[in-house]
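Asker: Questions regarding the structure given below will be posed in turn.
The values are calculated or read from the model by the stated rules, or taken from the named source; none is laboratory data. These numbers were taken from a predicted model, which means no experiment stands behind them. Using ideal geometry, Cβ is built from the backbone for each residue, glycine included, and neighbour counts are taken over all protein chains shown.
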Amino acid sequence: MTQKKPMRYLPLSAAALLALVATAKSGPLKDPPEGFTALFNGKDFSGWFGHGTQDPRVLWKMSPEQLAAHKKKTLEDINKHWRVEDGELVNDGRGLYLTTDKDYGDFELLLEYKTVAKADSGIYLRGVPQVQIWDTTKEGGKWNIGADKGSGGLWNNSKGAPGKDPSKLMDKPFGEWNSFRIIMVGERVTVYLNGEKVVDDAVMENFFDRKIPIFEKGPIQLQTHGGEIRWRNVFIREIPKKGGARGAEGPKGAAGDEGGFTTLFNGKDLTGWHGSTGGYEVIDGVLACKKGSGGQLYADGEYTDFVFRFDFKLTPGGNNGIAVRSTGKGDPAWEAFELQILDNTADKYAKLQPYQYHGSVYGLAAAKRGFLKPVGEWNSQEIMFKGQHVKVTLNGTVILDQDLGALDLSKVKRVPKGMERSSGFIGFAGHGDPVQFRNVRIKKL
């Protein structure tokens, strides 16, 4: 296993920091800090509806008309249990949770809250519980489930999982305002409570389906029950995916740290490549597999352990692959390793084997699905090979993390010969679809 590296974030501007400090002393902010937008306008519930602890996929399955009617109906419950008072959102401890109309991917969230004894609350990220808010006193009666450790943890993570409990207790006494700064990039979350980091770059598990990573997008929810809670200064800054890479705010292992990488494709021609050079072309700085052609195109030089990064764009039904540790001869799916590049959404691929979908090591190890961008948009991918350990990160989410040497090969119908090799060529395995690539680079480990 490679050691996890912490995420890096753009710091708040000096003006934003001063504004947050002033908030604690002088009341609600009138305007969000630079780069942020307000989720709560200080007047009413515009931009919000009601939703409970329920899988957000039930919302995404609704037609636009059904969803609009559902949201309107939930506001009846919201108006019974929520009110706006002096620029604050106030809940009586019952009812549905305030839920943003908009779904968010990567973001930085700022907010303040004030609660009372016996109350229990939290903040749902992408519709999934939760950054926990406790009554941390012994009288609150929940020390047996972690309330004594303080608020801010990813409480619905599995027992013992990183981030489930905060690293320190930072809650203020009842009657005082607490402030959260929450950063979510990919499936990782960092939480600051009252200025102290209490969760550091921890994976947030998908409470609704622990077999898959947390959803790529979803709403923000303000959960509450058991007692009054007040919220104010709810601001968000969306973190863009720049050019398919994570930029300065992503994990170093997901294209944030480019130190030591060598560019393999110069954006002009196929210098430095061999194999099926006639099956590919360069168009406007992009390497494209020719429709109806393709084949295996390999970078010069063999690689043992490495991190390989690239962006790719699929066409409807697009199919390609990444050949790893190849001799340069034969079908890499069986003569080496091939990691799938595939439009998982195409009807013609609806009944594939799990190991045939995008990101999988063909024939051996199945990747998680649901993290490709819509067909026609650029995706960013990283493949790490170290010994027989392979890790695939797609658009900031780890979709495969497997020690191939730990697999029971007696249950594998056909074992790729890559299992017998420790080095070889790396490249693209085209199957006649005009899949495109750019920003192709590699680092030896």
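Asker: Go through the stretch 66-157 and tell me which strands (runs of 3 or more DSSP E), entirely inside it, have 3 or more residues that are of a type in the set (D, E, K, R) and in contact (Cβ under 8 Å) with a residue 40 or more places away in the chain.
Answerer: Filter on the stretch 66-157 gives 107-115.
Asker: Here's another thing I want to ask about it. Kindly evaluate TRP143 against the criterion of being more than 26 Å from PHE40 (Cβ to Cβ) and either out of contact with any strand residue (DSSP E or B) (no Cβ under 8 Å at 6 or more places or on another chain) or surrounded by fewer than 23 Cβ atoms within 10 Å (Cβ to Cβ) (or both).
Answerer: Numbers: more than 26 Å from PHE40 (Cβ to Cβ): yes; either out of contact with any strand residue (DSSP E or B) (no Cβ under 8 Å at 6 or more places or on another chain) or surrounded by fewer than 23 Cβ atoms within 10 Å (Cβ to Cβ) (or both): yes.
It is true that TRP143 is more than 26 Å from PHE40 (Cβ to Cβ) and either out of contact with any strand residue (DSSP E or B) (no Cβ under 8 Å at 6 or more places or on another chain) or surrounded by fewer than 23 Cβ atoms within 10 Å (Cβ to Cβ) (or both).
Asker: Anything in the stretch 55-65 that is part of a helix (DSSP H, G or I) and of a type in the set (A, V, I, L, M)? List them, or say none.
Answerer: Matches in the stretch 55-65: VAL58, LEU59.
Asker: Output the residues belonging to the stretch 346-404 that are of a type in the set (Gly, Ala, Ser), assigned to a strand (DSSP E or B) and farther than 23 Å from ARG438 by Cα.
Answerer: Result: ALA365, single match.
Asker: Within the stretch 180-190, identify whether any single residue is assigned to a loop (DSSP other than H, G, I, E, B), assigned by TED's automatic domain parsing to the domain that holds LEU89 and surrounded by fewer than 19 Cβ atoms within 10 Å (Cβ to Cβ), and answer yes or no. Don't jump to the end; show me each part of the working.
Answerer: Here is the first cut: in the stretch 180-190, the ones assigned to a loop (DSSP other than H, G, I, E, B) are 186-187.
If we keep only those that are assigned by TED's automatic domain parsing to the domain that holds LEU89 too, we end up with 186-187.
From what is left, the residues that are surrounded by fewer than 19 Cβ atoms within 10 Å (Cβ to Cβ) are none.
No, that holds for no residue.
Asker: Looking at the stretch 405-445, which of the residues that are in contact with a Lys or Arg (Cβ under 6 Å, 6 or more places away or on another chain) and in a strand (DSSP E or B) is nearest to GLY285 (Cα to Cα)?
Answerer: GLN436
Asker: Return the total of residues in the stretch 347-361 being polar (S, T, N, Q) and either in contact with a helix residue (DSSP H, G or I) (Cβ under 8 Å, 6 or more places away or on another chain) or closer than 26 Å to ARG309 by Cβ (or both).
Answerer: 2
Asker: Also, quick follow-up: From GLU112, GLU108, which residue is closer than 21 Å to ARG230 by Cβ, at pLDDT 90 or above and surrounded by 17 or more Cβ atoms within 10 Å (Cβ to Cβ)?
Answerer: GLU112
Asker: If I go through the stretch 201-229 residue by residue, how many of them are within 30 Å of ALA366 (Cβ to Cβ) and either of a type in the set (A, V, I, L, M) or not in a loop (DSSP other than H, G, I, E, B) (or both)?
Answerer: Residues flagged as within 30 Å of ALA366 (Cβ to Cβ) and either of a type in the set (A, V, I, L, M) or not in a loop (DSSP other than H, G, I, E, B) (or both) within the stretch 201-229 amount to 7.
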